[in-house]
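Colleague: This is the structure I want to talk about, given as structure tokens.
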Amino acid sequence: MTIEAPFIGVSRHRIGIDGDGVTTLAAFHGCPLHCHHCLNPKCLGPADGLPVFTPEQLYEKTLIDQLYFLATGGGVCFGGGEPLLRPDFICRFRELCGSAWQLTIETSLNVPLENLKAVLPVVNALIVDIKDLHPDIYLRYTGMAIDQTLLNLKHLLEVFPRDSVVVRVPLIPGFNTTEDVDWNKQRLVDAGFTCIETFRYRTLTK
Ligand code: SF4
């Protein structure tokens, strides 16, 4: 069966925001969440007219930067949208690019556990956009329950190197407070995560 997926964009030469070294961000269309301030609203709309790639086609497209990847320890970051809706694509991409490229996943982790389990053996790092660990804030902001995300966080702690996971906790205007962000951070530290980034969402109104 052919593996293919629609993308909202492929962006080259990113440094310091999507993992180590020089990185190409490949952003999938499609996401299970509906965040109030969605950073990439194109991924929630219809996929009509978006480019569709097989892993082979995306590999050909990203190969142009192989020298940069190898020289800097970089590679490809799969974002979106939600890349963990596409585990088969990512696993096939790893077969194509070999082990030298750094593969990073930027995810909300609100996906079935088997999707996460499928990609962990083939990726080097994860950037987890956690939103907020308060179940009520999470539900209000994303439209989804947080339970699956919590299960997946627990699994990550059990099987994946902790220093290869960055958890991002945003201050979300109108949804949480600096006290909430501090509470999230402490809870993640207590759970065992070692790399936690906090930042403020920029919105049109606040
Ligand atoms: S997880 Fe990201 S892509 Fe999905 S709805 Fe939220 S902001 Fe948008």
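The values are calculated or read from the model by the stated rules, or taken from the named source; none is laboratory data. On a predicted model such as this, the values are computed, not experimentally measured, just so you know. Note that each Cβ is placed from the backbone with ideal geometry, even for glycine, and that neighbours are counted across all protein chains shown.
Colleague: Can you find a residue in the range 103-122 that is closer than 20 Å to L33 by Cβ, among the small types (G, A, S) and exposed (fewer than 13 other Cβ atoms within 10 Å of the Cβ)?
Modeller: no
Colleague: Within the range 155-206, which residues are at negative phi, more than 19 Å from the chain's Cα centre (by Cα) and small (G, A, S)?
Modeller: The one that is at negative phi, more than 19 Å from the chain's Cα centre (by Cα) and small (G, A, S): A191.
Colleague: Answer yes or no: is there a residue in the range 163-170 that is crowded, with 20+ Cβ neighbours inside 10 Å, at pLDDT 95 or above and not β-branched (V, I, T).
Modeller: For the range 163-170, residues crowded, with 20+ Cβ neighbours inside 10 Å, at pLDDT 95 or above and not β-branched (V, I, T): present.
Colleague: Let me ask something additional. Taking the range 11-28 as the search range and keeping residues that are farther than 11 Å from G79 by Cβ and without any contact (Cβ under 8 Å) to a residue 60 or more places away in the chain, which one is surrounded by the most Cβ atoms within 10 Å (Cβ to Cβ)? Before the answer, list the steps.
Modeller: As a first pass, look at the range 11-28 and keep what is farther than 11 Å from G79 by Cβ: 12-13, 15-16, 20-22.
Pick out the ones that are also without any contact (Cβ under 8 Å) to a residue 60 or more places away in the chain and you get 12-13, 15-16, 22.
Details: R12: 13, H13: 11, I15: 13, G16: 9, V22: 22.
Looking at residues that are farther than 11 Å from G79 by Cβ and without any contact (Cβ under 8 Å) to a residue 60 or more places away in the chain, I get V22.
Colleague: Restrict the check to the range 50-71 and report whether at least one residue is of a type in the set (K, R), surrounded by fewer than 18 Cβ atoms within 10 Å (Cβ to Cβ) and more than 15 Å from the ligand (Cβ to nearest atom).
Modeller: Taking the range 50-71 as the starting set, the residues that turn out to be of a type in the set (K, R) are 61.
So of that shortlist, the ones also surrounded by fewer than 18 Cβ atoms within 10 Å (Cβ to Cβ) come out as 61.
Next, only the ones that are more than 15 Å from the ligand (Cβ to nearest atom) stay: 61.
Yes: the range 50-71 contains one or more residues that are of a type in the set (K, R), surrounded by fewer than 18 Cβ atoms within 10 Å (Cβ to Cβ) and more than 15 Å from the ligand (Cβ to nearest atom).
Colleague: Additional query: List pairs: first in the range 76-94 and small (G, A, S), second part of a helix (DSSP H, G or I), Cβ under 9 Å, 6+ apart or cross-chain?
Modeller: Here the result reads G80/C43; G81/K42; G81/C43, each pair linking the range 76-94 to a residue that is part of a helix (DSSP H, G or I).
Colleague: Still on this structure, please answer the following. Right, C97: away from the ligand (no atom under 13 Å from the Cβ), modelled with pLDDT of 95 or more and not β-branched (V, I, T) or not? Let's see the steps before the verdict.
Modeller: Values: away from the ligand (no atom under 13 Å from the Cβ): yes; modelled with pLDDT of 95 or more: yes; not β-branched (V, I, T): yes.
Spelling it out, C97 is indeed away from the ligand (no atom under 13 Å from the Cβ), modelled with pLDDT of 95 or more and not β-branched (V, I, T).
Colleague: Six or more apart or on different chains, Cβ atoms under 7 Å: show the pairs whose first residue is in the range 61-75 and within 15 Å of V123 (Cβ to Cβ) and whose second is acidic (D, E) and not in a helix (DSSP H, G or I).
Modeller: G73/D20; G74/D20
Yes/no per residue for (1) closer than 14 Å to H37 by Cα; (2) buried (at least 17 other Cβ atoms within 10 Å of the Cβ):
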{"residue": "D136", "(1), (2)": "no, no"}
{"residue": "R140", "(1), (2)": "yes, no"}
{"residue": "A145", "(1), (2)": "no, no"}
{"residue": "L157", "(1), (2)": "no, no"}
{"residue": "D180", "(1), (2)": "no, yes"}
{"residue": "K185", "(1), (2)": "no, yes"}
{"residue": "D190", "(1), (2)": "no, no"}
{"residue": "F193", "(1), (2)": "no, yes"}
{"residue": "E197", "(1), (2)": "no, no"}
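Colleague: On to the next question. Mind listing whichever residues of the range 11-47 are modelled with pLDDT of 90 or more and part of a strand (DSSP E or B)?
Modeller: The answer is S11, R12, H13, R14, V22, T23, T24, L25, A26, A27, F28.
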